[in-house]
Amino acid sequence: QVQLAESGGGLVQAGGSLRLSCAASGSIVSFSLMAWYRQAPGKQRDVVARIGTGGSTMYADSVKGRFTISRDNAKNTVYLQMTDLKPEDTGVYHCNYRYGPYEYWGQGTQVTVSS
């Protein structure tokens, strides 16, 4: 089992910044994929950014150039630096940890961007 603990959400004005953190604990393995997903009210959960153990990254088109995902493998932690936030970035941000056939989710942290 892997437990994920997210932090860093909150209320921010449009154009502002936030940094999300997700610490993984439990049965951590060397090679894993970590990601952030966003679920806006009434919508499905969509991937925002993903990062491999070696640092390779992928971003949703809507956040390219504004968000940066990074990870500290020694601390088993993934970060999401969000800048130039927009109201459409509002939602619950969930951390995701995946290796092989196994996948784990965090409870989520709320991000609200006011216009």
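FYI, it's all coordinate maths here, none of it is from the lab. Predicted, not measured: the structure shown is a model, and the values here were computed from it. Neighbour counts run over all protein chains shown; Cβ positions are idealised from the backbone, glycine included.
Would you list, by chain and number, the aspartates and glutamates whose Cα falls below 18 Å from the Cα of Lys43, excluding same-chain residues fewer than 8 positions away?
Hits, sequence-local ones excluded: Asp61, Glu88, Asp89.
Give me the distance in nm between label points sitting 7 Å out from Cα along the Cα-to-Cβ direction at Trp105 and Ser25, one decimal.
Distance between label points: 2.2 nm.
Cross-link candidates for Lys75: which lysines have Cα within less than 25 Å, leaving aside residues fewer than 8 places away along the same chain?
Partners within reach: none.
Determine the gain in length on full extension of the stretch Arg66-Ser17; use 0.36 nm per residue of separation and subtract their C-alpha separation, reporting nm with one decimal.
16.7 nm
What are the ³J(HN,Hα) couplings of the stretch 73-85, residue after residue, when phi is run through the Karplus curve with 6.51, -1.76, 1.60 and θ = phi - 60°? Round to Hz, x for glycine and proline.
Those phi angles translate into 5, 5, 9, 6, 10, 10, 10, 9, 8, 10, 10, 6, 5 Hz.
Expressed as a whole percent, how much of the Cα-Cα distance distribution for the chain exceeds 16 Å?
More than 16 Å apart: 55 percent of the Cα pairs in the chain.
Can you check how the C-alpha radius of gyration of the stretch 54-115 compares to 2.2 N^0.38 Å, as a plain ratio?
For the stretch 54-115, the normalised Cα radius of gyration is 1.24.
Any chance you could tell me what percent of the C-alpha pair distances in the stretch 1-66 go past 18 Å?
So the portion of pairs separated by more than 18 Å is 50 percent.
Treating cross-link reach as a plain straight distance, find the aspartates and glutamates whose alpha-carbon is under 12 Å from the alpha-carbon of Lys64, omitting any fewer than eight places away in the same chain.
Asp84
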